[in-house]
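Trainee: Got a structure here, written out as structure tokens. Questions coming.
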Amino acid sequence: MRLGLVGYGRWGKVVARALARVGDLIAICDTWEERATAATRDWEDWGVRSTVFHDDLVGVCDAVWIATPTVDHAATIRFYLDQGIHVLAEKPVVTDLDVAADLVDLARKRGVLLMGGFLGIHTGCHGELLASPRPRELEIVRRNTRPSLSDGDVLWGLGPHDVASVIAVMGSRPNVVSATGGVHYCQVEMIWNEGYPARVSIELDWLAEERARRVIRNRDFSVNLADTPNRVEPLLREAREFVGRIGLGPAEHAEELQRIIDVTSTLARAQATLS
């Protein structure tokens, strides 16, 4: 699988190593010339080409991983989908539900995969939740020590990971969504009131003094990810999943396309209630 990376910032450099382990990393594109130059320096011994032009990846890469600021996602995703190239876009894929629906529709028409970079569903904790009885009550705390300003606010910057995981565990979008807080801190409440009533609370903070992530289920089960080593690196698992789903063909892309709609819709509903 010939792979390309779009965006060679702090996270893009980490992604590059994962892509090189699961496929043939062919090219890295960053429209900032300084970063493209850094990519050349870092990867020249591996024969990876770097460029500031998106066109240079067309006809060269079968799939690209987009790790650029969120504001650039919609146009960049659309460009590569139009060229028949499979895309994984880091979270948040986009922050507008109508735009998300248009991109998902384009991916279907082109017969290519569009996948969101929801790293939370590739962690050991997510696997543990899936393997356990469905919770009626779940509390999640996610704290970072520095903001990711290219993602906008904390709801969109940190929220997609856990919202994607929770929807997968519950099997559907929540019936009721609300949020309180602001740019750097917020709490999201999600309620499922049909069939199997459940409530999920997510606390998001990216100006905390210490980095932490804790999951409490039904008030009697707790997982602190700071104390739980990941035996399989989540990013590498995500990269393998991306390449693997491409190989399965368009019929197997529906789950990932729906996930983008579900996560974007839920976060947009939460944002609409922020005070």
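The values are calculated or read from the model by the stated rules, or taken from the named source; none is laboratory data. The model shown is predicted, which means the values in this text are computed figures rather than measured ones. Note that each Cβ is placed from the backbone with ideal geometry, even for glycine, and that neighbours are counted across all protein chains shown.
Trainee: Find the residue count for segment 226-251, including only residues that are at pLDDT below 90 and in contact with a helix residue (DSSP H, G or I) (Cβ under 6 Å, 6 or more places away or on another chain).
Mentor: Matching residues across segment 226-251 total 1.
Trainee: Any residue in segment 138-152 that is assigned by TED's automatic domain parsing to the domain that holds ILE191 sitting within a Cβ distance under 6 Å of a residue that is of a type in the set (Gly, Ala, Ser) and outside any strand (DSSP E or B)? List the pairs, counting only those 6 or more apart or interchain.
Mentor: ARG143/ALA208; THR145/ALA208; SER148/GLY157; ASP151/GLY157
Trainee: I would also like to ask the following. Picking from ARG49, ARG78, ARG41, which residue would you name as being in contact (Cβ under 8 Å) with a residue 24 or more places away in the chain and on the phi < 0 side of the Ramachandran plot?
Mentor: Testing whether each residue is in contact (Cβ under 8 Å) with a residue 24 or more places away in the chain and on the phi < 0 side of the Ramachandran plot leaves just ARG78.
Trainee: Checking LEU88 against (1) touching a strand residue (DSSP E or B) at 6+ places or on another chain (Cβ under 6 Å); (2) surrounded by fewer than 22 Cβ atoms within 10 Å (Cβ to Cβ), only one condition comes out false. Which one?
Mentor: Only one criterion in (1) touching a strand residue (DSSP E or B) at 6+ places or on another chain (Cβ under 6 Å); (2) surrounded by fewer than 22 Cβ atoms within 10 Å (Cβ to Cβ) is unmet by LEU88, namely (2).
Trainee: Of all residues in segment 254-275, which are out of contact with any strand residue (DSSP E or B) (no Cβ under 9 Å at 6 or more places or on another chain) and either at positive phi or surrounded by fewer than 13 Cβ atoms within 10 Å (Cβ to Cβ) (or both)?
Mentor: ALA254, GLU255, listed by residue number.
Trainee: Filter segment 60-76 down to residues that are charged (D, E, K, R) and either outside any helix (DSSP H, G or I) or surrounded by 23 or more Cβ atoms within 10 Å (Cβ to Cβ) (or both), then give me how many there are.
Mentor: Counting residues in segment 60-76 that are charged (D, E, K, R) and either outside any helix (DSSP H, G or I) or surrounded by 23 or more Cβ atoms within 10 Å (Cβ to Cβ) (or both) gives 1.
Trainee: Can you pull out the strands (runs of 3 or more DSSP E) entirely within segment 2-59 that have at least 3 residues that are of a type in the set (Gly, Ala, Ser) and buried (at least 18 other Cβ atoms within 10 Å of the Cβ)?
Mentor: none
Trainee: Starting from residues that are more than 21 Å from the chain's Cα centre (by Cα) and under 20 Å from HIS126 (Cβ atoms), keep the ones in segment 204-218 and report whichever is surrounded by the most Cβ atoms within 10 Å (Cβ to Cβ).
Mentor: Result: ARG217.
Trainee: For LEU204, which of the numbered conditions (1) within 25 Å of HIS73 (Cα to Cα); (2) in a helix (DSSP H, G or I); (3) in contact with a Leu (Cβ under 8 Å, 6 or more places away or on another chain) fails to hold?
Mentor: Exception for LEU204: condition (2).
Trainee: When segment 185-206 is examined, which residues are found to be of a type outside the set (D, E, K, R), within 30 Å of ARG146 (Cβ to Cβ) and touching a strand residue (DSSP E or B) at 6+ places or on another chain (Cβ under 7 Å)?
Mentor: TYR185, CYS186, GLN187, VAL188, MET190, VAL200, SER201, ILE202, LEU204
Trainee: Counting only residues that are in contact with a helix residue (DSSP H, G or I) (Cβ under 8 Å, 6 or more places away or on another chain) and without any contact (Cβ under 8 Å) to a residue 60 or more places away in the chain, which one in segment 173-203 is surrounded by the most Cβ atoms within 10 Å (Cβ to Cβ)?
Mentor: TRP192
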